[in-house]
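The structure appears below as structure tokens.
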Amino acid sequence: MIKGIAASNGIAIAKAYKLDMPDLTVTQKTIEDTANEVARFEATIAQVQEDLVAIKAAATKNLSEEEAAIFDAHIMVLQDPELKDQTITKINGDKVNAEYALQEIANMFIGMFESMEDEYFRERAADIRDVSRRVIAGLLGKSLPNPSLINEEVVIIAHDLTPSDTAQLNKNLVKGFATDIGGRTSHSAILARSMEIPAVVATNTITEEVNDGDMIILDGSDGCVIVNPDETTVQEYTKKRDAYIAYREELKQLKDEKSITTDGYQVELVANIGSPKDIDAVLANGAEGVGLYRTEFLYMESDELPSEDTQFEAYKAVLEGLNGKPVVVRTLDIGGDKKLPALPLPEEMNPFLGVRAIRLCFQREDIFRTQLRALLRASVYGDLRIMFPMIATLNEFRDAKKIFLEEKEKLISEGVKVSDTIQLGIMIEIPAAAVLADQFAKEVDFFSIGTNDLIQYTFAADRMSSSISYLYQPYNPSILRLVKNVIDASHKEGKWTGMCGEMAGELMAAPLLIGLGLDEFSMSATSVLADRKLIRSLNKAEMNKLAEEALNKSTMEEVVELVKQYTNVQ
Ligand code: PEP
Ligand code: MG
């Protein structure tokens with residue numbers, strides 16, 4: 001059995017199809033005729049662009065428009081003046097061959113983006129690697145493997161799958177894939193999950209241990225691959241596979257059902273999104289609205305700040321797409337690990353404790369006001385709720401609200417229609433606000449608990465640092481007590497509390513949060529149905545007892561044990 005990282009759930013049983021990458025090793029050569037070399041580079045870029053357009057046309061058959069858009073991202077990388085111009089400058093300046101120059105420049109960008117925690121930037125690094133590999137293959141006169149030629153049921157075995165390889169997979173024939181390298185958040189793993197293809201990545205040795213045509217069992221939930229299994233094992237896994245398929249089908253039946261416990265306690269399961277492009281997934285997975293629209297991605301997409309009109313179009317698209325369901329938009333949360341090309345921030349010793357989110361918006365009120373105006377204008381297209389990130393004091397909320405009301409009045413006096421029912425809330429991600437929730441609750445319309453940051457600030461443990469990741473403790477009673485304090489405070493004032501950090505989508509958390517009385521759970525759209533199924537099996541009265549006991553435990557491990565005793569969550 002070969003072990004790797006479980007990247008996409010499900011079981012595949014089929015023959016191995018090895019996708020061999022040609023050797024793309026590049027050596028440095030001195031070039032005298034650099035003009036000719038630049039021309040060769042530009043001709044290859046033009047050819048690769050044509051190839052990508054053709055691949056995209058073929059991939060659209062397999063993928064949704066949104067998934068096929070990955071190729072538009074690649075064409076954009078190809079046309080990106082930074083990458084192209086810096087390569088040409090290097091060819092001319094260092095008198096080196098095009099493939100070497102491109103590899104050096106691409107590696108510099110890849111290194112820069114990969115060091116950022118944010119998934120958006122890591123995806124950009126994967127895109128640059130994918131595209132530069134295509135151009136280097138073209139320059140070397142080599143052809144890349146073409147998974148669209150597969151014509152029977154297979155499990156793909158590869159050293160690595162680029163996002164464009166993954167997007168070309170025909171999911172009727174490709175039953176799964178396993179790679180030597182990769183990670184759970186690598187782009188190909190994300191695509192595999194959205195295409196529902198089982199996948200195991202980071203096996204280290206799969207390409208050495210498997211031959212073309214070997215029989216393969218791949219368990220994407222467990223992260224393991226069995227090569228040439230005996231008959232009993234095949235039977236065992238066939239049963240498991242069928243059970244999994246039945247489970248997925250059962251989940252799909254819950255798409256339009258309520259998120260309600262056996263004794264009638266109903267909550268809302270909503271989705272986290274980063275762009276209007278995510279609406280399809282929100283609706284397909286039966287989410288009851290949007291609980292966190294991270295607007296910063298709109299600001300990261302370009303070298304310029306998005307205009308009021310650009311923002312208005314994006315917010316309107318989301319509100320219209322959700323067709324009256326609630327949409328919680330978070331105002332700009334930049335700083336910390338998120339940087340803006342259009343707005344260089346000063347270097348700080350501790351950026352997560354520095355000018356971030358609402359603090360930056362107060363320093364750059366012009367940016368904040370533009371965003372609020374765009375939101376106000378869009379508000380007539382649906383049920384808009386606005387929340388401010390990183391609020392530490394009540395005066396910060398008051399100041400933000402004052403600016404919001406000023407922009408509202410201005411728009412009204414200009415004759416622009418705005419909604420009169422926009423709820424204004426705050427993210428609870430700083431312990432000071434969690435502790436003082438009773439005072440905040442008198443003035444805000446709602447809370448949304450951002451556990452990613454609340455945990456980082458409560459445990460004084462940088463969320464970027466992997467060596468202290470054991471301090472990410474969502475089930476520690478200290479966090480549960482803060483969450484309880486916030487929920488109770490909101491209810492006392494007739495307000496509601498949601499949660500939009502990663503914890504909200506974890507199955508282990510659902511029984512506790514139901515017990516604590518959380519009103520709204522916001523998570524990645526693909527987690528909604530599994531969470532709904534679990535919640536529909538829980539009893540609120542019993543979960544109240546569980547929560548009460550959990551609050552009085554002393555460690556996270558004890559709480560996890562307790563949840564396992566009360567439920568069948570593992
Ligand atoms: C959080 O902090 O939990 C959160 C949802 O915000 P972000 O991850 O964008 O900081
Ligand atoms: Mg946060």
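The values are calculated or read from the model by the stated rules, or taken from the named source; none is laboratory data. Just so it is clear, the structure is predicted and the values come from calculations on it, not from any experiment. Note that we place each Cβ from the backbone using ideal geometry, even for glycine, and neighbour counts take in every protein chain shown.
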### Query
What number of residues in region 245-276 are crowded, with 18+ Cβ neighbours inside 10 Å and either within 20 Å of the chain's Cα centre (by Cα) or part of a helix (DSSP H, G or I) (or both)?
6
### Task
Give the residues of region 510-526 that are buried (at least 24 other Cβ atoms within 10 Å of the Cβ) and within 19 Å of the chain's Cα centre (by Cα), sorted by residue number.
521, 522, 523, 525
### Query
For region 329-345, does any single residue satisfy the condition of being more than 26 Å from residue 271 (Cβ to Cβ), out of contact with any helix residue (DSSP H, G or I) (no Cβ under 9 Å at 6 or more places or on another chain) and not polar (S, T, N, Q)?
yes
### Evaluation of residue 291 against (1) surrounded by fewer than 19 Cβ atoms within 10 Å (Cβ to Cβ); (2) within 14 Å of ligand 1 (Cβ to nearest atom) (one fails), failing number
(1)
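Is it the case, given these coordinates, that residue 278 is closer than 14 Å to residue 526 by Cα and of a type in the set (Asp, Glu)?
yes
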### Query
What is the residue count in region 324-341 for residues that are more than 15 Å from ligand 1 (Cβ to nearest atom) and under 30 Å from residue 382 (Cα atoms)?
4
### Task
Identify all residues within region 272-296 that are touching a Leu at 6+ places or on another chain (Cβ under 8 Å), closer than 14 Å to residue 498 by Cβ and of a type in the set (Gly, Ala, Ser); write none if there are none.
287, 289
### Summary
Counting only helices (runs of 4 or more DSSP H) wholly inside region 442-525, the ones holding at least 1 residues that are within 11 Å of ligand 1 (Cβ to nearest atom) are 451-458
### Query
For region 284-305, how many residues meet the condition of being modelled with pLDDT under 95 and more than 16 Å from ligand 2 (Cβ to nearest atom)?
8
### Query
Among 485, 452, which is more than 16 Å from ligand 2 (Cβ to nearest atom) and not charged (D, E, K, R)?
485
### Task
State all residues of region 416-434 that are within 12 Å of ligand 2 (Cβ to nearest atom) and either part of a strand (DSSP E or B) or in contact with a Leu (Cβ under 7 Å, 6 or more places away or on another chain) (or both); if no residue qualifies, say none.
426, 427, 428, 429
## Note on the structure
Within region 187-220, the residues that are out of contact with any Ser or Thr (no Cβ under 9 Å at 6 or more places or on another chain) and part of a loop (DSSP other than H, G, I, E, B) are 204, 205, 210, 211, 212, 213, 214
### Message
Can you pull out every residue in region 362-408 that is within 16 Å of ligand 1 (Cβ to nearest atom) and in contact with a strand residue (DSSP E or B) (Cβ under 8 Å, 6 or more places away or on another chain)?
### Response
385, 386, 387, 388, 389, 390, 391
### Task
Name, by its number, the condition in (1) away from ligand 2 (no atom under 13 Å from the Cβ); (2) at negative phi that does not hold for residue 460.
(2)
#### Entry: region 553-567, subset touching a residue at least 24 places away in the same chain (Cβ under 8 Å) and either loosely packed, with under 12 Cβ neighbours inside 10 Å or in contact with a Leu (Cβ under 8 Å, 6 or more places away or on another chain) (or both), residue nearest to residue 531 (Cα to Cα)
567
### Query
Can you name every residue in region 418-439 that is touching a Phe, Trp or Tyr at 6+ places or on another chain (Cβ under 7 Å), farther than 24 Å from residue 471 by Cβ and not aliphatic (A, V, I, L, M)?
423, 425
### Query
Of all residues in region 147-173 being more than 24 Å from the chain's Cα centre (by Cα) and without any contact (Cβ under 8 Å) to a residue 60 or more places away in the chain, which is farthest from residue 126 (Cα to Cα)?
151
### Query
Just one of 332, 345, 376 is more than 16 Å from ligand 2 (Cβ to nearest atom), in a loop (DSSP other than H, G, I, E, B) and among the hydrophobic types (A, V, I, L, M, F, W, C); which is it?
345
